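Before any comments, here is the structure.
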Amino acid sequence: MADYLHREDAPLTELQWEKLDEVVVATAKQHLVGRQFIPVFGPFGVGLQTIQHDVFDGTDQTCVNMTGDCDEAPLGTGQREYKRLPILHKDFQIHWRDIESSAQVGVPFDCSLAAAASFFVASTEDDMIFNGRPDLDIDGLLTVANRQTLSKGDWAEAGAIFADVVGASEKLGKAGFYGPYALVLSPKLYALSNRVYANTGVLEIEQVEKIADAGVYRSSQLGDDKALLISTGSQNMDLAISQDLTTAYLDTEKMNHVFRVMEILTLRIKRPGAICTFE
């Protein structure tokens, strides 16, 4: 198999590559939100450019009898499509003299540009997860058709967030999605949730966490006033990964060295009804 990362062509030592990889992965983990509650499927290699995307149908009733005969419709693929696996990438450049300084006089190898590139890739991944990419026919958690919705109250009022989260969990439960539930809030709404609930002396977010038992998260990709409650699990959605986050060496331009932080993945929403957005 061809070495598509061309790492051996880069003027970096093994220790420098290790430090760069550590910084890239650590930065992404610090900022990625979707991966904290969406299961990962893969990675399965960069050669795969499309993957099947099944939307499930069939009854949610389980048969119980003594003969094994059942008239219920089996759970299966109601709709199968093939989704493209796009490359998310951001290039960065390391000045040739910085590498020489590190090699000759022991100046610490600076990976801050790699960290910045990793941050931008992580932000793009979450943007795709929450808002989709219509140009690539990728639905997002906030945009997919047939998701459930709940008209939210005035979340500036104490207790309103908890009341709406309870309402959304009831709506998901009645539709057969029993959790665990993950709640994602915009930074503004997350800040509002960190206030004392009624006269209890307890923060409202602490009450919310009793419902959102898969975690409460905040993401700038939701804008100012968006939020969603999700029934988690691979039966509902996953993140199909061809190539997980890595760094490649591209080339030398005017003596400086160009690298690329990249990943290849797509979001597969199998049961849109597992998502309830507050609108």
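Observations, loosely collected:
- Screening Thr246, Thr252, Thr266 for residues that are under 25 Å from Ile87 (Cβ atoms), exposed (fewer than 15 other Cβ atoms within 10 Å of the Cβ) and among the β-branched types (Val, Ile, Thr) leaves exactly one candidate, Thr252.
- Residue check for Arg195: more than 16 Å from the chain's Cα centre (by Cα), surrounded by fewer than 20 Cβ atoms within 10 Å (Cβ to Cβ) and not assigned by TED's automatic domain parsing to the domain that holds Lys83: yes
- Subset of the range 198-230 (residues that are of a type in the set (Asp, Glu) and surrounded by 18 or more Cβ atoms within 10 Å (Cβ to Cβ)): Glu204
- Test: residue in the range 112-127 that is assigned to a strand (DSSP E or B), touching a strand residue (DSSP E or B) at 6+ places or on another chain (Cβ under 8 Å) and surrounded by fewer than 19 Cβ atoms within 10 Å (Cβ to Cβ): no
Each row is one residue, and each column tells you yes or no for (1) over 30 Å from Glu8 (Cα atoms); (2) in contact with a helix residue (DSSP H, G or I) (Cβ under 7 Å, 6 or more places away or on another chain); (3) not hydroxyl-bearing (Ser, Thr, Tyr).
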| residue | (1), (2), (3) |
| --- | --- |
| Ala163 | yes, no, yes |
| Glu170 | yes, no, yes |
| Ile211 | yes, yes, yes |
| Asp224 | yes, yes, yes |
| Gln235 | yes, no, yes |
| Ile241 | no, no, yes |
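- Taking residues in the range 85-99 that are of a type in the set (Lys, Arg), and partners anywhere that are in a strand (DSSP E or B), the pairs with Cβ atoms closer than 6 Å and at least 6 places apart or on different chains are Lys90/Val261.
The values are calculated or read from the model by the stated rules, or taken from the named source; none is laboratory data. What you see is a predicted model, and the numbers here were worked out from it, not measured in a lab. For neighbour counting, all protein chains shown are included, and Cβ atoms are generated from backbone atoms with ideal geometry for every residue, glycine included.
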